[in-house]
Structures are given as structure tokens and as C-alpha cells.
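Working notes for the structure below.
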Amino acid sequence: MTNIQELKEKVIKGYQMTFEEGVALTQIKDKEALYKAADEIRLHFCGNKMDLCSITNAKSGRCSEDCKWCSQSSHYKTDIEEYEIVDKDEAVKVAIDGAKKGVKRHSLVTSGRTVSDKTIDQLIPIYQEIKAQSTINLCASLGLVNQAQLQRLKNEVNIEHYHCNLETAPSHFPKLCSTHTIEEKLKTISYARNIGLKICSGGIIGMGESMEQRVEFAIALRDIQADSIPINILSPVKGTPLEDTKLLSEEDILTTIAMFRFINPKANIRFAGGRLQIKHFQHKALHAGINAALTGDYLTTIGSNTDEDVRDFKNSGFEID
């Protein structure tokens, strides 16, 4: 039987939980005690500051990869807007507006397996203009890029984080995507780490994985020392193979968040896509281990209003970092 208080104190003192302990943690019957302990770990390591970030969908659709959850895959018919490179002024405005409201960092995100050097040539002026007009920190999410491309982004626009989601447990990933592997993702992440970038990597829960696989997923993220862990909740998209997937329960979501906090106690565990599903219990989620959020619109789905987020997070006891 897991003693939640003893385990919490061990984690605070630096203990790394085993897979078996993670699974046992998710099976605790007293869920409120689990959420409270996760919240206390968050408070110990992260304080009450809420880390906000935002993104611009800089290249949309026409992706060659067959990720079963994704509306941007060319393998599925999903009626999304498609374009090569976002309008520079539009992208800059989104970043600047967010910065004025307390958003700490902004990322350009592109669809596709990777990007060409030519695409990076087109993105760099956008980054440079954002940098010229604000003090917001810059990040990138450009697929399976190589180390030379990452080095260029670091040197020319000083990106601080590179985002590359593992997406799910390594044992589950092959059931969801056949056109690239977890190992290829890990290689890109290692390139980013090699040149001193921080790592943003998380994924999506609710894609048919078991709770045990979510524990496996959390440990995989710990192994790569992810600094920021976005937790997306699947929003099934019509036209994709996962369109009829049943939504997760409140308990499933809160238990997963708490477990992630126990296994990754120092990370920024971040609300991301699918958050509109949990608005009615967002306060509980915030006090089950969350300390960060992706705010504003997402890639091809409506996100959350930043002004409302700031208000709600403050009402839940957080300061905007």
C-alpha cells in the first residue's frame, strides 16, 4: 500500500520514483489526497508562479506524417486551413499582444516532418521582428531538425527552448504513427540539449493508452530531462482515425496530472490543447500539479482567451510570472 505522504516527502528530498511506484500511485483510492500531495510538490519546487507561453501556427497542413490524432496530416481529410508560411505581421502581432498580457515566451510551430533551410530563412525575420518589439523569450517547434539548424536558430535569434513532443509512451507510439519513430524524436531532442537549449516535450493523453503507459510516458520525459511538459487532452478531430475516441474522465485527467508531478517534480507541467474540456474543473487541475499553461489559440483548434486565463489563474492563487 502506497503511503502518499511518505512518498511526497521522498520526492521533495530528491527521490526518483520507479515505474511500479508510479503505477501504484495512480491506483490510490483517496484521489483528493493524491491531488493535494502533488500540489504540495508543485508549491515546493515551483512556487505559485504561473508560466505562460503562446504559439503561432507558422506553417499549416500538408504534413507527410500519418499521426492518427493530427488534423494537419495529408493522409486525412479534415478541412483545416493550409498555408506555407504565416504572414509576418500577423505572427508578430500575436506574440506582442501576448507579451503585454504576461506571456513569457512565444514559439513558431510548423507542420511537417521537418523544415528546410529555406523555411528557416523565412522564419528568422519573424523571430527578429518579435525580438525587436518585445522582451518575450523565443522558442521553436519545427519537427525533426538537425543540430546545425538548431545552432543557427540559437545563434541568430537566441531561441531558448526547443519543442519536440514524445506524444505518448514509447510502447504506444508505433500504434499511432508509422512514418517516424520515438528514436528519431529523441535524436532531435539530444541535438537541442547538446547546444544548450532547454527541452519542451510532452504529448497527448486520451489516445487509447493505458494508465500504466502514461506512467511509462512520464518516466520517458524524466529521462530526457524535459524542462517543460505540455499535457494535451485529445480533442478528437473529425476525419482522423481517432475521431470517435471516448473522452477521458475528470478523475483520469487529474490523476494523470498528479502522477506527472510526482515523477517530474521540478518541470513546468503545462496545460495545453484540449483545455476547454476541463474548464469546469480547471481549478482542481491547477491544484493537482499544474504550474504552466499554453494560452491563446493552438494549432488548428480554438484555445483560451489570455485575459480570461490570467484572471482565472490569479483567482486560483497563482501569480503571473
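The values are calculated or read from the model by the stated rules, or taken from the named source; none is laboratory data. Owing to the predicted nature of the structure, the values given are computational and were not obtained by experimental measurement. When we count neighbours, we look across all protein chains shown, and the Cβ atoms used for this are built from the backbone with ideal geometry, even at glycine.
List of remarks:
- Restricting 231, 159 to residues that are touching a strand residue (DSSP E or B) at 6+ places or on another chain (Cβ under 6 Å), modelled with pLDDT of 95 or more and under 22 Å from residue 268 (Cβ atoms) narrows the list to 159.
- Residues of the range 26-50 that are buried (at least 20 other Cβ atoms within 10 Å of the Cβ) and either at pLDDT below 95 or under 18 Å from the mean Cα position of the chain (by Cα) (or both): 42, 46, 50.
- Identity of the residue in the range 282-298, in contact with a Lys or Arg (Cβ under 7 Å, 6 or more places away or on another chain) and not small (Gly, Ala, Ser), that ends up modelled with the lowest pLDDT: 294
- Test for residue 127: is it modelled with pLDDT of 95 or more, closer than 19 Å to residue 86 by Cα and not hydrophobic (A, V, I, L, M, F, W, C): yes
- Scanning the range 5-21 turns up one or more residues that are β-branched (Val, Ile, Thr), more than 23 Å from the chain's Cα centre (by Cα) and not in a loop (DSSP other than H, G, I, E, B).
- Selection within the range 211-253 - among the polar types (S, T, N, Q) and either in contact with a Pro (Cβ under 6 Å, 6 or more places away or on another chain) or free of Cβ contacts under 8 Å to residues at least 12 places away in the same chain (or both): 245, 249
- Unmet criterion (only one of (1) at pLDDT below 90; (2) under 15 Å from the mean Cα position of the chain (by Cα)) for residue 243: (2)
- The residues listed here are 126, 130; of these, the one that is without any contact (Cβ under 8 Å) to a residue 60 or more places away in the chain, in contact with a helix residue (DSSP H, G or I) (Cβ under 8 Å, 6 or more places away or on another chain), surrounded by 20 or more Cβ atoms within 10 Å (Cβ to Cβ) and among the hydrophobic types (A, V, I, L, M, F, W, C) is 130.
- Applying a threshold of 7 Å to beta carbon distances and a minimum spacing of six or more residues, or different chains, the list of pairs starting in the range 3-21 at a residue that is under 19 Å from residue 211 (Cα atoms) and ending at one that is in a loop (DSSP other than H, G, I, E, B) reads 4/28.
- Reported count of residues in the range 299-320, each being at pLDDT 80 or above and of a type in the set (S, T, N, Q), is 4.
- Positions within the range 129-154 being closer than 23 Å to residue 103 by Cα, outside any strand (DSSP E or B) and not charged (D, E, K, R), in sequence order: 130, 132, 133, 134, 135, 136, 142, 153
- Subset of the range 155-174 that is touching a residue at least 24 places away in the same chain (Cβ under 8 Å) and not in a loop (DSSP other than H, G, I, E, B) - its residue that is farthest from residue 260 (Cα to Cα): 156
- Residues of the range 68-88 classified as at pLDDT 75 or above, surrounded by fewer than 20 Cβ atoms within 10 Å (Cβ to Cβ), within 23 Å of the chain's Cα centre (by Cα) and not basic (Lys, Arg), total: 1
- Residues of the range 51-67 that are of a type in the set (Gly, Ala, Ser) and either under 18 Å from the mean Cα position of the chain (by Cα) or not in a strand (DSSP E or B) (or both): 54, 58, 61, 64.
- Of all residues in the range 151-167, those being among the hydrophobic types (A, V, I, L, M, F, W, C), buried (at least 22 other Cβ atoms within 10 Å of the Cβ) and over 15 Å from residue 112 (Cα atoms) number 2.
- Residue within the range 241-251 that is in contact with a Gly (Cβ under 7 Å, 6 or more places away or on another chain) and within 23 Å of residue 185 (Cα to Cα) present: no
- Answer residue from the range 176-189, given it is without any contact (Cβ under 8 Å) to a residue 60 or more places away in the chain and within 16 Å of residue 65 (Cα to Cα) and is surrounded by the most Cβ atoms within 10 Å (Cβ to Cβ) among those: 185
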